[in-house]
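S.K.: This is the structure, below, for whatever I ask next.
Laboratory data are not the source of any read-out in this text; all were calculated from the coordinates shown. Quick caveat, the model's predicted, so the values are computed rather than measured. Every residue, glycine among them, receives a Cβ derived from its backbone with ideal geometry; neighbour counts consider all protein chains shown.
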Amino acid sequence: MNNQTRKGLTELHGKLEDVASTLEEIKGEIEIVKDEEQEKYDNMPESLQSGEKGEAMQAAVEELENAFNSLESAFDEINNALENIDNASSN
C-alpha cells in the first residue's frame, strides 16, 4: 500500500470516528427522552396506564428503545469498520 492510499485511509478513519461520535451523542439524547417518557408513564395512575394515552406512551418508549438499539448496532459496525481500516493500513 502506498502513502497516498494510507493517507486516504487515515482520512476515512477520521470521518468514521466523527460519525461514531455523533452516533454516541444521538444515542444519549434518545436515551434521555426514552427515560423521561418512561418516568412519566411510571408515575401515571394504573388506570391511565392501561388507557389510550398510557398505551401510546409505552409504544413510544418501545420505539425509542428500538431506535437506540439500531444506533447501537450501527455504532458497533462502525467500530468494526475502523478496526478493519486500521488492519488494512498496517499491511
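S.K.: Output needed for the chain: three equivalent-ellipsoid semi-axes, defined as square roots of 5 times the C-alpha gyration tensor eigenvalues, in descending order, whole Å.
M.R.: The equivalent ellipsoid of the chain has semi-axes of 43, 10, 7 Å.
S.K.: Sticking with this one: Test of understanding: in a Gaussian network model of the chain with alpha carbons linked when under 10 Å, which of SER70, SER21, SER50 would top the mean-square fluctuation ranking?
M.R.: Comparing SER70, SER21, SER50 in a Gaussian network model of the chain, the most mobile one is SER50.
S.K.: OK, next. Only Lys, Arg, Asp and Glu count, each charged at its Cβ (+1, +1, -1, -1), so figure out the dipole size of the chain about its Cα centre, rounded to 20 debye.
M.R.: Dipole size: approximately 640 debye.
S.K.: Angle between the Cα long axis of helix 52-90 and the longest principal axis of the chain, 0 to 90 degrees, nearest 10?
M.R.: 10 degrees
S.K.: Going by C-beta contacts inside 10 Å, put LEU64, LEU9 in order with the fewest on the left.
M.R.: LEU9, LEU64
S.K.: Could you tally up the Lys pairs in the chain with alpha carbons closer than 21 Å? Skip any pair fewer than 8 positions apart unless they're on separate chains.
M.R.: 5
S.K.: Let me ask another. Out of the chain, which chymotrypsin sites (Phe, Trp or Tyr not before Pro) are coil in DSSP terms and have no more than 12 other C-beta atoms within 10 Å?
M.R.: Qualifying residues, ordered by number: none.
S.K.: Which is farthest toward the positive dipole end of the chain among LEU23, LEU71, ASN91, measuring Cα position about the Cα centre, with Cβ charges +1 (Lys, Arg) and -1 (Asp, Glu)?
M.R.: ASN91
S.K.: List the relative contact order of the range 27-82 as a percent without decimals, with contacts defined as Cα pairs under 8 Å and 6+ residues apart.
M.R.: Normalised by residue count, the contact order of the range 27-82 is 46 percent.
S.K.: Next question. What is the angle, in °, between the Cα long axis of helix 3-42 and the longest principal axis of the Cα atoms in the chain? Nearest 10 is fine, range 0 to 90.
M.R.: Tilt of helix 3-42: around 10 degrees.
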